[in-house]
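Here the structure is laid out as structure tokens; the discussion comes afterwards.
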Amino acid sequence: MSIAELHRKIEERSAKLAVIGLGYVGLPVAALFAQKGFSVSGVDVKAERVDLINRGISPIEGKEPGLAELIGGVVQSGKLRATLDYADLKDCDVVLIDVETPVNHAHIPEYEALRAALKSLSAVLKNGALVVIESTIMPGTMHNVVLPILEENTGRKCGQGFFLGNCPERVMPGKLLQNLAAMSRVVGGDSPETAAAMRSLYSNIVQSDLDTADWITAELVKTVENTYRDVQIAFANETAMICEALGADVWRVRELVRKSPGREMLLPGAGVGGHCIPKDPWLLASSVKGLDVRVRLIPAARDINSFMPNHMLDLLKTRLSSLKGRKILVLGYAYLEDSDDTRDAPSSYFIKALEAEGAQAMVHDPFVKEYAGDLYEKASGCDAAVLMTAHSEYRQVDFKRLKAALKNCLLVDGRNFWDKTAVMESGFDLVRLGDFSRQG
Ligand code: SAJ
């Protein structure tokens, strides 16, 4: 099948689609294309996930508006079917790949899942089919990893026996369907014709810009946009620590800095977690390993942001000289406010640091089952409370009850969350990240 024929089938929506990896990216994408009338086969390695989907049940935790209903509808209509078996993809014209692409402790990208998916797909890939990598990958991966695996394992040439694209996803937990429809995407093709066919495909589910590009540009856009955010957050965090040292209030400084045009200073905080921001800078930095360019700012920003949970311990120790034998109430475990997503959560590092000092962490999080429960019961007998995640529920804290429960009226605020006057008038000793001003 030529790219022109494939393009036509896409336009007619007669092209059979497949999505490999039915996680928080792949499953919503598969369901959205199915809703548009495409026949979609989804492949995953987890049997229980496949079974849930085929029963019309969403396996994705957390509040994702509209997703459960969408999945139920497209499974019921027979447009979406999940399977463990790659053989079910043999008639597919387009295959999207949404498998995990983690980095290891040495910050090197690990592509086991990607390699396995590509090899299994190669064994059944239809002649002339289009393969699109949606996972976030290190710039250069399309040319140096994906292309060789497909050509070697199919025995066919890219651009003739199959077509190949990169279309990085832009999603955010809690807004999966909304972001997929609303956010622009880069469609990187092996040729302009392939990129045009990809635009035609994605125009079914994306209502925003679809910008055509080559592979390296598409790979760079995704990793650069998240690295940009990480560096911006690191700047805010380092400024917060400077303000502490100078007895200033970073929140007031930030408010006035932002009055200057183009100074959109981000928020200092107790740490930077999640599935994207802590990982993607390493994918970008690794892309030039061994080449004649020194990458200094990106690792330095990661170092600052990774330090913030330890800095929260430093703030605690400005009041409690020794933490040994202390009980500390940790408010928030999820990496993001009003989310149950705990991937790479700053609180996990903060708790490890507490325990290394011989303290005990009493963790509360209304969104994380393991840590839900009565906040004041958990506070009972604790030497301090430390706010790590800005869950809205913590706006309703009854300071009188909290004060009665705690052994010490000590609060550490890692997210500029509470009004400092109100808290101090409630009789608390309040330590605020970034604010060592006299009234702070
Ligand atoms: N954080 C700060 N200060 C800030 C912003 C965030 O400390 O000013 C912390 C958060 O507490 C969290 C971490 O950084 O622990 C990440 O927060 P995030 O707002 O970046 O949320 P994520 O991780 O869901 O990022 C995703 C990314 N989207 C994609 O990868 C497609 C990111 O590029 C988006 O900017 C972000 O969603 C968004 O806000 O949409």
Query - Cβ pairs under 6 Å, 6+ apart, first in the range 314-333 and at positive phi, second of a type in the set (D, E, K, R) - result: Gly332/Asp365
**Report entry** Filtered residues of the range 377-395 (kept if crowded, with 24+ Cβ neighbours inside 10 Å and of a type outside the set (A, V, I, L, M, F, W, C))
**Finding:** Thr389
Query raised in the report: Do you know which residues across the range 201-233 are small (Gly, Ala, Ser) and buried (at least 17 other Cβ atoms within 10 Å of the Cβ)?
Result: Ala213, Ala218
Query raised in the report: Taking the stated definitions as given, is Leu177 open to solvent by 60 Å² or more (accessible area, probe 1.4 Å) and either β-branched (Val, Ile, Thr) or assigned to a helix (DSSP H, G or I) (or both)?
Result: no
Query raised in the report: In the range 339-356, which residues are open to solvent by 70 Å² or more (accessible area, probe 1.4 Å) and out of contact with any Phe, Trp or Tyr (no Cβ under 7 Å at 6 or more places or on another chain)?
Result: Tyr349, Lys352, Glu355, Ala356
Query raised in the report: Does the range 404-427 contain any residue that is open to solvent by less than 10 Å² (accessible area, probe 1.4 Å), in contact with a helix residue (DSSP H, G or I) (Cβ under 6 Å, 6 or more places away or on another chain) and not hydrophobic (A, V, I, L, M, F, W, C)?
Result: yes
Report task. Count, please, the residues in the range 73-96 that happen to be part of a loop (DSSP other than H, G, I, E, B) and open to solvent by less than 40 Å² (accessible area, probe 1.4 Å). Result -> 2
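For the range 150-174: of the residues being closer than 16 Å to Trp215 by Cα and not in a loop (DSSP other than H, G, I, E, B), which is most open to solvent (accessible area, probe 1.4 Å)?
Cys158
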Query - Filter result (near the ligand (Cβ under 10 Å from one of its atoms) and touching a His at 6+ places or on another chain (Cβ under 8 Å)) within the range 322-356 - result: Gly332, Ala334, Glu337, Asp341, Arg343, Asp344
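Regarding Asp340, is this residue over 20 Å from Leu267 (Cβ atoms), assigned by TED's automatic domain parsing to the domain that holds Phe417 and in contact with a Gly (Cβ under 6 Å, 6 or more places away or on another chain)?
Answer is yes for this residue.
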Query raised in the report: Scanning the range 234-248 for residues that are under 21 Å from Val272 (Cα atoms) and touching a Lys or Arg at 6+ places or on another chain (Cβ under 8 Å), which turns out most open to solvent (accessible area, probe 1.4 Å)?
Result: Thr239
**Report entry** Near pairs, Cβ below 6 angstrom, 6+ apart or cross-chain, from the range 39-59 (within 17 Å of Val25 (Cα to Cα)) to any residue that is among the hydrophobic types (A, V, I, L, M, F, W, C) and open to solvent by 70 Å² or more (accessible area, probe 1.4 Å)
**Finding:** Val50/Leu84
Query raised in the report: Could you count how many residues in the range 97-121 are open to solvent by 10 Å² or more (accessible area, probe 1.4 Å) and assigned to a helix (DSSP H, G or I)?
Result: 6
**Report entry** Residue in the range 63-72 that is nearest to Gly128 (Cα to Cα), counting only those that are touching a residue at least 60 places away in the same chain (Cβ under 8 Å) and open to solvent by less than 40 Å² (accessible area, probe 1.4 Å)
**Finding:** Leu70
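The values are calculated or read from the model by the stated rules, or taken from the named source; none is laboratory data. Keep in mind that this is a model prediction, so the values were computed, not measured. All Cβ positions, glycine included, derive from the backbone under ideal geometry; neighbour counts span all protein chains shown. Calculation scope for accessible area: heavy atoms of the full protein, side chains included, ligands and nucleic acids excluded. Shrake-Rupley method; radii C 1.70, N 1.55, O 1.52, S 1.80 Å.
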